[in-house]
Amino acid sequence: MGEFVHLHLHTEWSLLDGAIRIKDLVNRLLDYQLPGCAITDHGTLYGIIHFYKALKEAGLKPIIGCEFYVAENSRFDKKVAKRGEAGHHLVLLAKDEVGYKNLIKLASKAYLEGFYYRPRIDKELLVKHHEGLIALSACLEGEIPKLILFNQIDKAIEVAKWYKDLFKEDFYLEVQRNGLSEQEVCNQKILEIAEKLKIKCVATADCHYLDKEDALAHEVLLCIQTGHKLSDPDRFKFNTDMLYLASAEDMAKRFQDLPSEVLTNSLEVFEKVNLELKTGEVLFPKAKVPEGETAESYFSKKAREGLEKRLSELEETGQLAAEKEVYRQRLEEELEVIIEKGYASYFLIVCDFIEWARSKGIPVGPGRGSAAGALTSYALGITNLDPIRWGLLFERFLNKERPSLPDIDVDFCKERRDEVIEYVAQTYGREYIAKIATFGQLKARQVVRDVGRVLGFKPKEIDPIAKMISPGIDVSLEKELERPEFQELMQKNEEIKKLFTLAKKLEGLPRHASQHAAGVIISGKPIIETAPLMKVEENEIVVQFDMKACEAVGLIKFDFLGLKTLTIIDKTLKLIKKYEGIDLDLNRIPLDDPKTFELLRAGETDGVFQLESQGMKDLLRRLKPSDFNDLIAVLALYRPGPLEGGLVDQYIETKHGRRKPEYLHPLLEPILKETYGVIVYQEQVMQIAQVMAGYTLGEADLLRRAIGKKEKELMESLKEEFVKRSVDRGIPEDIAQKVFDLIEKFADYGFNKSHSAAYALVAYQTAYLKAHYPVYFMASILTYEVDKREEVSKYISVANEMGIPILPPDINLSDVGFTVEQGAIRVGLQAVKNVGEEAVNEIINKRPYSSFWDFCNKVDTKKVNRKTIEALIKAGAFDSLDQNRAKLMHNLPSILSVTTQTKFSSLFGQATLLNPSTSYTLEEVPEWDLETKLAFEKESLGFYLSDHPVKRLRRFIEVFTPYNLENLSQVEDGAQVVLLGLISEIKLKQTKNGDKMAILTIEDEFSSERALVFPNLYKQNFSVMSEGSILWFRVAVDRDEDSLTLLVEDLAPFNDFRFFKEGVVNVCVPHTLANRQFLEFLKTFVTKEETNTFPFRLQITYPDAIVNFEINGDKLLLSQENISLLFDNFPQIKLVFTES
């Protein structure tokens, strides 16, 4: 072992800059026989806990540090020109616990007070928080090296003296050997300054990547960070390949011409560090309890009282699933475990903020995750699902054997979730509360796209390659590249081989920091004493650690999730109360309602929680759920594993009697009967281990987790123990082995039943509302989605299909949101563009209006200006006063002129000679034609209301293509289809070559999608593309995980039938219609002309046969008008175009 330790090193947590994975670092330190090293990521402490734990577990010594940015003047000075000038670099290492706490304070203040391009500290902070820290002068970006390079030697000496005076013997001047000429200039002067001021020098390598061969991959990483290509001459780069993790021997060679102390001083620093972090100790937050109570006593008391209340309710409604004593006994068993684990305060805090939310009318979900399996959660009102009735296990949530503590996740109304978090901050103290960081990664597809861009691949070249990679978060390039198609690709093309080689090196590195969607830390002491803080989106205070790091230092996470469905349910219940006078309690609705299950079996689940996708609708139609257990199973089964593994088919076939359930042993039947012999839930795995091998449910939970790891040696020992324990209980060995194999097979597929049951309840409640109160339910969805035009358009289409009329906004009748009117839905004023909250309130407050003049005269035109009134006219809001929208728009300027003068006169007590409201007559003008009217509706509402231009053509379209923008969701990736759509938006984009391409939003009456028109096609067709134009599109469907894009291969105007030249129109006629009258009528559309005509065949359908008549020479003249005439006179016929 050489006499050297790395003190300046950037891990993967120097985002898009450091490329050293901590796992690889540990292995390399062991290979090099180095005793440990420091972590000094840029400006943050993101990775310190992962680093600390990994080195400790390997028997190495971790040094916690950071390369800070130090502002030129004050950290509050925000006047630098660009981020490169945001601050000087300075390496600080924590010597002891005091230093560690100061490091955390500095890292926090760098973000909270000094952030400008980069998180920055300043010398004022260093003076306050330098104790326990070792300082190194850093790389060429350090203050002293910069001054040297600017030939300000006296200033460099002055600065070095300042640091020495502050840090005393804990300040070191860094020397590096990285092949840069500027570095050699610096080294010489640094040695002179060190000699002059008696400051020790230390050698460092400023490591950014593991091996010298990784230098190119690191350059690519920097390009990803800065948005450059490798070919860009002015890109940010290091101009050296020597920033790798060198061995002690390598470092000795680099510095052989300098005094050996520069190397041995690194060991001196190493020995100075004596820091032991407390990991694994839980910092439980302190619940508010009444005087004379402890958290444990108050928790037990509340839980017992809550259970008795629940038992009374269950008894009253006839829903007790067992004897009361069974409930009480289970509660006592749970309380014992919860208190033993120190979890009482946690439960009380969750109970407290849920009770507060309900008291303020904030909707709270019935539960989610494994906490729904705890009877204690049900007793305290944290969840609303009886775990005994639905066979949910407490041990899936918490047990004595479980080493880590679980979370209790709570869903709140999305619009009011932040109120609950604010209550928690006020109640428990802001310094005890923070959100959690989460880090996006360079996943397989993403890294291939990023590296491809850096290497100069065009999007159309890189996209097909990226899409060859399997979707999913756990996909690895290493595994993917073993596939034959990738092997062939790399053998044929060196550039693609280089792409994958580089992408593999960077895959999995953290890409960016953001805020966890729901996680909130509530700590037992101020968070800044335990973890560094930062600000991210919307100035939220966030811990610089991810979830695992927070857990390691004892910080407990509470999940506050915003669920839009709860908001929609709440709005629906309020509408039911308003219009029907019914106080509907969803906790008391029957869970076997026939009408609800009829809706579910029909797959009519648009707007129903978790059941909206086309795939889910298809599953519901196939499975035909008949009870609540089926619905729980549906939510668990609709995932890739069960779908691909055949479990769904087995469940359906067995449920409908087409297959017998299979049980390997009679002990399994009571556990698997409700899922027809299929292991669907993780809880079933636990119960099987319990009844077969005598495991406690806690042991069974550990077994379930261990099986999920899929480690071969571990699996063998687990199987051996399971079989032995089963045999000891009288189970035949071969059966025990088969059962374990079954458990192992289903471990990947098994889902948490507690979560599935809780969410099945929300799904059922929304389905119940849709089945029994469809108008109120759809109105609530539309109100919630009012700002999302595509969603509004979709749900208006759904409402129409349900037979619910949609009424235009009305100046006298509309409320803010969508409302209900005699079985119809009235569009709210909020839905009209350019009508803000102030205008809506003014309009509602000044009602009623007897005429358009009356409206203009009453409202304050500073709040409801001309632009707002124009939007209301276009939306049809004045139709009840005057249906001629064109007339109102024409007369508006003159009316506003007169009403303004009238108001002005009234203000100064002047009377006018005439009463304008009776004497003013609106000038008559012709009404807008339907196309203009619809275009203005679309402009003002974002959707068509009176009609949809494409809907009017649907009968015509369906002759030529079965596809629309909704059923594209069922089309395979890469498939080519023809469809008709309306262009609602055009965005032009310039490619790297300077060519223009178009990004279109195309829509029909069902949905809308994004479509790309590439440069060549755009150049040929730009004249026919305009917003509002209806075109035929030949597209390739480009599906990428959850998103869908249409790649336009050709397009044509609506009246251009060139896509349908090669084919024939089948006129399908029931035999009962094949008479002279029909044939004579059809004959009127037959011609020998070529324009807009089609070859056709007559198909006469009989009950047991189809007779085709080929028509030679004659063609069918098809136009929208002709097709309408045919269908209007003979609705039983079908016209279908087929390609020849």
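The values are calculated or read from the model by the stated rules, or taken from the named source; none is laboratory data. Because the structure is predicted, anything quoted here is derived from the model rather than measured. Here the Cβ positions follow ideal geometry from the backbone for every residue, glycine too, while neighbour counts run over all protein chains shown.
Going through I362, I349, I338 one at a time, which residue ends up being under 22 Å from V520 (Cα atoms), in contact with a helix residue (DSSP H, G or I) (Cβ under 9 Å, 6 or more places away or on another chain), β-branched (V, I, T) and part of a loop (DSSP other than H, G, I, E, B)?
Matching residue, one of I362, I349, I338: I362.
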Single condition A322 does not satisfy, out of (1) over 38 Å from the mean Cα position of the chain (by Cα); (2) part of a helix (DSSP H, G or I): (2)
Identify, from the list E308, E296, E315, the residue that is free of Cβ contacts under 8 Å to residues at least 60 places away in the same chain, among the charged types (D, E, K, R) and loosely packed, with under 12 Cβ neighbours inside 10 Å. E315
Pull out all pairs, ordered by first then second residue, where Cβ-Cβ is under 9 Å, the residues are six or more apart or on different chains, the first lies in the stretch 1103-1129 and is under 15 Å from F1057 (Cβ atoms), and the second is assigned to a helix (DSSP H, G or I) and of a type in the set (D, E, K, R). Q1120/R952; Q1120/R955; I1123/R955
Show the residue pairs meeting these rules: Cβ distance below 7 Å; 6+ apart or different chains; first residue within the stretch 818-838 and surrounded by fewer than 19 Cβ atoms within 10 Å (Cβ to Cβ); second residue assigned to a helix (DSSP H, G or I) and of a type in the set (V, I, T). G823/V775; N834/T868
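Restricting attention to the stretch 598-618, which residues are assigned to a helix (DSSP H, G or I) and surrounded by fewer than 22 Cβ atoms within 10 Å (Cβ to Cβ)?
Those that are assigned to a helix (DSSP H, G or I) and surrounded by fewer than 22 Cβ atoms within 10 Å (Cβ to Cβ): E598, L599, R601, Q614, G615, M616, K617, D618.
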From the set of residues in the stretch 659-684 that are in a helix (DSSP H, G or I) and in contact with a Phe, Trp or Tyr (Cβ under 7 Å, 6 or more places away or on another chain), which is farthest from L392 (Cα to Cα)? E669
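Can you tell me which residue among Q152, Q225, Q176 is outside the structural domain of A94 (by TED's automatic domain parsing) and under 30 Å from K237 (Cβ atoms)?
On the way: Q152 fails: outside the structural domain of A94 (by TED's automatic domain parsing); Q176 fails: outside the structural domain of A94 (by TED's automatic domain parsing).
On inspection, the qualifying residue turns out to be Q225.
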Just to be sure before I move on: is A466 in a helix (DSSP H, G or I) and either over 30 Å from Q544 (Cβ atoms) or among the aliphatic types (A, V, I, L, M) (or both) in the structure I sent? yes
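Would you check if E1041 is over 30 Å from M997 (Cα atoms), modelled with pLDDT under 85 and not hydrophobic (A, V, I, L, M, F, W, C)?
Against the criterion (over 30 Å from M997 (Cα atoms), modelled with pLDDT under 85 and not hydrophobic (A, V, I, L, M, F, W, C)), E1041 does not qualify.
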Quick check, is A998 outside the structural domain of M889 (by TED's automatic domain parsing), touching a strand residue (DSSP E or B) at 6+ places or on another chain (Cβ under 6 Å) and free of Cβ contacts under 8 Å to residues at least 40 places away in the same chain? yes
Please enumerate the residues belonging to the stretch 847-867 that are surrounded by 13 or more Cβ atoms within 10 Å (Cβ to Cβ) and either part of a loop (DSSP other than H, G, I, E, B) or outside the structural domain of L888 (by TED's automatic domain parsing) (or both). Y849, S851, V859, D860, T861, K863, V864, N865
Among the residues of the stretch 433-451, is any surrounded by fewer than 23 Cβ atoms within 10 Å (Cβ to Cβ), in the same structural domain as K535 (by TED's automatic domain parsing) and in a helix (DSSP H, G or I)? no
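This table checks each residue for (1) under 21 Å from R28 (Cα atoms); (2) in contact with a Cys (Cβ under 9 Å, 6 or more places away or on another chain); (3) outside any strand (DSSP E or B); (4) touching a residue at least 12 places away in the same chain (Cβ under 8 Å).
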{"site": "E219", "(1), (2), (3), (4)": "no, no, yes, yes"}
{"site": "H228", "(1), (2), (3), (4)": "no, no, yes, yes"}
{"site": "S231", "(1), (2), (3), (4)": "no, no, yes, yes"}
{"site": "D234", "(1), (2), (3), (4)": "no, no, yes, no"}
{"site": "T240", "(1), (2), (3), (4)": "no, no, yes, yes"}
{"site": "M251", "(1), (2), (3), (4)": "yes, no, yes, yes"}
{"site": "Q256", "(1), (2), (3), (4)": "no, no, yes, no"}
Just name the residue that is farthest from the chain's Cα centre (by Cα) out of those in the stretch 708-744 that are modelled with pLDDT under 80 and either surrounded by 13 or more Cβ atoms within 10 Å (Cβ to Cβ) or in the same structural domain as G369 (by TED's automatic domain parsing) (or both). M715
Considering residues that are part of a strand (DSSP E or B) and surrounded by 20 or more Cβ atoms within 10 Å (Cβ to Cβ), the number found within the stretch 962-983 is 6
From the set of residues in the stretch 518-548 that are more than 19 Å from L112 (Cβ to Cβ) and part of a helix (DSSP H, G or I), which is nearest to the chain's Cα centre (by Cα)? M547
Looking at the stretch 690-706, is at least one residue under 41 Å from the mean Cα position of the chain (by Cα), of a type in the set (A, V, I, L, M, F, W, C) and not in a helix (DSSP H, G or I)? no
Quick one: how many residues across the stretch 126-170 are farther than 21 Å from I63 by Cβ and among the hydrophobic types (A, V, I, L, M, F, W, C)? 13
Members of the stretch 23-51 that are more than 16 Å from V91 (Cβ to Cβ), crowded, with 19+ Cβ neighbours inside 10 Å and of a type in the set (A, V, I, L, M, F, W, C): L25, V26, L29, L34, I49
Name the pairs: first residue in the stretch 782-800 and under 13 Å from A831 (Cα atoms) and at pLDDT 90 or above, second residue part of a helix (DSSP H, G or I) and basic (K, R), Cβ to Cβ under 7 Å, at least 6 apart or on different chains? T783/K571; Y784/K564; Y784/K571
For the stretch 1007-1032, name all the residues that are assigned to a loop (DSSP other than H, G, I, E, B) and small (G, A, S). S1007, S1026, G1028, S1029
Taking the condition under 25 Å from Q319 (Cβ atoms), touching a residue at least 24 places away in the same chain (Cβ under 8 Å) and touching a Ser or Thr at 6+ places or on another chain (Cβ under 9 Å), does N629 pass? yes
Surrounded by 22 or more Cβ atoms within 10 Å (Cβ to Cβ) and either of a type in the set (S, T, N, Q) or under 33 Å from the mean Cα position of the chain (by Cα) (or both): does that describe T383? yes
Quick check: anything in the stretch 340-359 on the phi > 0 side of the Ramachandran plot and surrounded by fewer than 21 Cβ atoms within 10 Å (Cβ to Cβ)? yes
How many residues does the stretch 540-564 hold that are within 25 Å of G227 (Cβ to Cβ) and surrounded by fewer than 20 Cβ atoms within 10 Å (Cβ to Cβ)? 0
Number of positions in the stretch 148-186 that are surrounded by fewer than 22 Cβ atoms within 10 Å (Cβ to Cβ) and part of a helix (DSSP H, G or I): 20
Search the stretch 859-875 for residues that are over 25 Å from E927 (Cα atoms) and pair each with any residue that is β-branched (V, I, T) when their beta-carbon atoms are under 7 Å apart and the residues are at least 6 apart or on different chains. V859/I843; T861/T900
